[in-house]
Amino acid sequence: MNIHIFDIDHTLIKRSTTHAFIRAGLNKGFKTLPQIAKIPWKWILYKLAVIEPEFIEIEVRKYKNIPQKLLTDLSIESFDNYGKKHLYAEGIALINELKEKGERIIVATSSVDFFIEPIMKF
């Protein structure tokens, strides 16, 4: 048996799972526009090594007191309404072909688990 490792963001899906989740959150009023407007700026600063990578951990901690069911439901909705139509068909076909052959599939991603669960189930 061979092992095949896939990334999710920009590999199996054309954008990031975070982008889809934030978009769904904005539509539901879960996130506000001012909150979202800061994210690209912080990401640029991170990529330029101006701020520390801990900013990602700080952003993720904001989900701490939100009920898991709400996060899961929003992730499912974001995948169904946005993420699914942005999947690379070739990547999904390859994974299905490998699974049919009994090959082992591993997903390596820096996305939080509730962002990627709907993709994994799909």
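The values are calculated or read from the model by the stated rules, or taken from the named source; none is laboratory data. Because the structure is predicted, anything quoted here is derived from the model rather than measured. Here Cβ is always computed from backbone atoms with ideal geometry, including for glycine, and neighbour counts include all displayed protein chains. Please note that ligands, DNA and RNA were not included when accessible areas were found on the heavy atoms of the full protein model with its side chains. Shrake-Rupley method; radii C 1.70, N 1.55, O 1.52, S 1.80 Å.
From the list ILE56, ILE92, ILE22, which one is closer than 20 Å to GLU117 by Cα and either at pLDDT 90 or above or of a type in the set (Asp, Glu) (or both)?
ILE92
Could you tell me which of the residues LYS99, LYS69, LYS84 is assigned to a helix (DSSP H, G or I), closer than 14 Å to THR17 by Cα, among the basic types (Lys, Arg) and open to solvent by 80 Å² or more (accessible area, probe 1.4 Å)?
One residue alone meets the criteria, LYS84.
Please specify each residue of the range 102-122 satisfying the condition of being open to solvent by 80 Å² or more (accessible area, probe 1.4 Å) and in a helix (DSSP H, G or I).
To start, the set of residues in the range 102-122 that are open to solvent by 80 Å² or more (accessible area, probe 1.4 Å) comprises 104, 110, 113, 120-122.
Listed by number, the residues that qualify are ASP113, MET120, LYS121.
Any residue in the range 37-58 that's outside any helix (DSSP H, G or I) and open to solvent by less than 70 Å² (accessible area, probe 1.4 Å): show its pairings with residues that are among the aromatic types (Phe, Trp, Tyr) and at pLDDT 70 or above at Cβ separation under 7 Å, as long as the two are six or more apart or on different chains.
Pairs that qualify, where the first residue is outside any helix (DSSP H, G or I) and open to solvent by less than 70 Å² (accessible area, probe 1.4 Å) and the partner is among the aromatic types (Phe, Trp, Tyr) and at pLDDT 70 or above, are PRO53/TYR46.
How many residues are more than 23 Å from GLU103 (Cα to Cα) and not in a helix (DSSP H, G or I) when one looks only at the range 1-30? Walk me through how you get there before you give the answer.
Filtering the range 1-30 down to residues more than 23 Å from GLU103 (Cα to Cα) leaves 14-30.
Pick out the ones that are also not in a helix (DSSP H, G or I) and you get 14-16, 29-30.
Looking only at that region, the number is 5.
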